[in-house]
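Everything on this sheet refers to the single structure shown next.
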Amino acid sequence: MQVSIVGAGGVAYSYAAVLAERGHQPRIWSPSGRRGAELAAGAPLQASTALEGSFAVEVARSVEDLAEAGTVIFALPAYGYHEVMGRVVPVLRDGQTLILSGHLSFAAVYLSKLLAARGLACPIVVWNTTASTGRQTGPTSVSISMLRPKVEMAALPDRAGEAALLLCRSLFGDRFALSDDMLGVDLGNLNPIVHYGIALFNLTRMELAEDWAQQAHITPAVARFLEDLDRERLAVAEALGVRTRSIHQAYAVPGKIEIGPLAEMLRQITATRKGVNGPRSLDTRYVTEDVPYGLLTTVRLADLAQVEVPLHRAGITVFSALYGRDFAAENRILPEIDAAFASAATLRRAVTQGWEAL
């Protein structure tokens, strides 16, 4: 199956390797045009760690090439959604399936708004996290530290869910679980709260470009902070009638890591699993993506549900002060879909039926 990948970073490279290894035909498109020249010239993509191999990967010559594939995967940071979707939607054709990897901030609703303006019927699939992790180690190489065992997903419109589930499994294997709707997927994305705690309490390590092990620096105090953040997230989900797993359930591995205090679970994980180093710069998606597109979205949902989330609000304020930026003003998606937040019922229609249902 031919698959277009919008993005040319570590995750996009990891997807290309996984898809090629499974017999598909991945084609990468770099929105900036600065990446992929060596692959376009015929060099193979070298994958290492969780997936080892050398794979042929095509590179799109222009955005128009995206229309040739039946499936288009958006593998880019949330802060790139607005600009890139504006460039991609004009070249799409009816019936293509669009996948948003590591979905945040209800970007799929914004995408459905753009599609509606063109009169296109394209199923949209959202994942609560990436199917694999990836770090570029060179212009033609990627280190894949993990192929995730479980990814929660939903489809827009929701009636396309079963077909979308079969497609995702055919592309990346039997690692997907279908959620009731996009609300569960967005509230089930734990990256914003986990990265909030990691980045805030290790910020000087990041700023000084130190080498540090991420999991080992989630100390018992930080773990308690994450548990309190998670209680806020779960309270919002409950108020909106959404089922989602807790942070403890996310870290649990049956038969290996049992549910208990988060600090103890993380201690066991650190002892049994190779760790990942934390960011070595303040310019990290842990903050620049997860604060304006993760924390801010949860606050918006909390306002709708009339639930107090003081730690989420504090994170936006504190990181804005630390970075000298107004992160609350940097989200370019939420203002575009403000009408969807008129009420809980309106939002439910938007996330199950799309923009045209409003």
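The values are calculated or read from the model by the stated rules, or taken from the named source; none is laboratory data. Note that the structure is predicted; figures quoted are calculated from it, not measured. Note: ideal-geometry Cβ built from the backbone for every residue, glycine included; neighbour counts use all protein chains shown. All accessible areas refer to the heavy atoms of the entire protein, side chains included, with ligands and DNA or RNA removed. Shrake-Rupley method; radii C 1.70, N 1.55, O 1.52, S 1.80 Å.
Just in region 171-248: which GluC sites (Glu not before Pro) are loop by DSSP and have at most 13 other Cβ atoms within 10 Å?
GLU210
Could you give the dipole magnitude of region 155-232 about its Cα centre, charging the beta-carbon of Lys and Arg +1 and that of Asp and Glu -1, in debye to the nearest 20?
Here the size comes out at about 160 debye.
Give the label of the value calculated from the structure for semi-axes √(5λ) of the Cα gyration tensor in Å, choosing from [x] 40, 24, 18; [y] 49, 27, 19; [z] 29, 26, 19.
It is the value labelled [z].
Considering only protein heavy atoms, what per residue accessible area in square angstrom results for region 39-99 with a 1.4 angstrom probe?
40
Only bridges whose two residues both fall in the chain count here: according to DSSP, what percent of them are antiparallel, nearest 5?
Expressed as a percentage, antiparallel bridges in the chain total about 35.
What full-extension length gain, to one decimal in nm, is calculated for SER62 and LYS150 as 0.36 nm per residue of separation minus the Cα-Cα distance?
Numbers: separation 88, 0.36 × 88 = 31.68 nm, distance 3.31 nm.
So the extension gain works out to 28.4 nm.
If you rank LYS150, LYS113, LYS256 by how much accessible surface each has, with a 1.4 Å probe, what is the order from largest down?
Of LYS150, LYS113, LYS256, the descending order of accessible area is LYS256, LYS150, LYS113.
Using a Förster distance of 35 Å, how high is the FRET efficiency between ALA271 and ARG22, based on the Cβ-Cβ distance and rounded to 0.05?
The value I calculate is 0.60.
Only helical DSSP H runs with n ≥ 4 go in: add -39500 (n - 2.57) per run for the chain, normalise by residue count and round the 222 nm mean residue ellipticity to 500 deg cm²/dmol.
So the helix-based figure for the chain works out to -11500 deg cm²/dmol.
What percentage of the solvent-accessible surface of the chain, computed with a 1.4 Å probe over protein heavy atoms, is contributed by carbon and sulfur atoms? Provide the component values of the computation, followed by the final result.
Numbers: 7570 of 14930 Å².
Answer for the chain is 51 percent, counting heavy atoms of protein chains only.
At a Förster radius of 25 Å, what calculated FRET efficiency corresponds to the Cβ-Cβ distance of ARG175 and GLU52, to the nearest 0.05?
0.85
Using alpha carbon centroids, what distance separates region 64-114 and region 327-358, in Å?
17
Residue separation times 0.36 nm, minus the C-alpha to C-alpha distance between ARG349 and ARG224: what's the value? Please report the intermediate quantities before stating the final value.
Working: separation 125, 0.36 × 125 = 45.00 nm, distance 3.57 nm.
Once the chain is fully extended between ARG349 and ARG224, it gains 41.4 nm.
Work through the residues other than ILE193 whose Cβ is under 12 Å from its Cβ and net out their charges, Lys, Arg +1 and Asp, Glu -1.
Neighbour charge sum, excluding ILE193 itself: -3.
Taking the Cα centre of each part, how many Å lie between region 120-198 and region 201-262?
19
Label points 7 Å out from Cα along the Cβ direction at GLU210 and ASP283: separation in nm?
The two pseudo-label positions are separated by 2.2 nm.
Measuring from a point 7 Å past the Cα of LEU166 along Cα-to-C-beta, which residues in region 180-209 have an amide N at less than 13 Å?
None, by backbone N distance to the label point.
Which cross-chain or sequence-distant (5 or more) residues have an amide H under 5 Å from the amide H of GLU58, H modelled 1.01 Å from N in plane?
ILE28
Could you report region 135-205's accessible area per residue, 1.4 Å probe, as an integer in Å²?
39
Describe numerically, in nm with one decimal, the distance between label points set 7 Å from Cα along Cα→Cβ at ASP303 and at ALA329.
According to this spin-label approximation, the distance is 1.6 nm.
Filter the trypsin sites (Lys or Arg not before Pro) in region 7-44 to those in DSSP coil with at most 12 other Cβ atoms within 10 Å of their Cβ, and list the result. Don't jump to the answer; show the numbers that get you there.
On the way: sites: ARG22, ARG27, ARG34, ARG35; in loops: ARG22, ARG34, ARG35.
In loop regions of region 7-44 (DSSP not H, G, I, E or B), the sparsely surrounded trypsin sites (Lys or Arg not before Pro) are ARG34.
For LEU19, what is the net charge nearby, where nearby means another residue's Cβ is under 12 Å from its Cβ and Lys, Arg count +1, Asp, Glu -1?
Here the count lands on 0.
Tell me the net charge near ALA237. Cut-off is 15 Å between Cβ atoms, ALA237 excluded, with +1 for each Lys or Arg and -1 for each Asp or Glu.
Within the 15 Å Cβ shell, the charges total -3.
I need the shape label for region 111-266. Rule: rounded when a/c is under 1.5, else prolate if a/b > b/c, else oblate, with a, b, c from the alpha carbon gyration tensor.
It comes out prolate by the Cα gyration axes.
Over all directions, the average projected area of the alpha-carbon convex hull for region 201-299 comes to how many nm²?
Averaged projected hull area, Cα only: 7.0 nm².
Packing-wise, with mean Cβ within 10 Å as the measure, how do 71-82, 346-357 rank, highest first?
Those peptides, ordered most packed to least, come out 71-82, 346-357.
With the Cα gyration tensor of region 271-355 giving a ≥ b ≥ c as the square roots of its eigenvalues, does the rule (a/c under 1.5 for rounded; else a/b larger than b/c for prolate; else oblate) give rounded, prolate or oblate?
prolate
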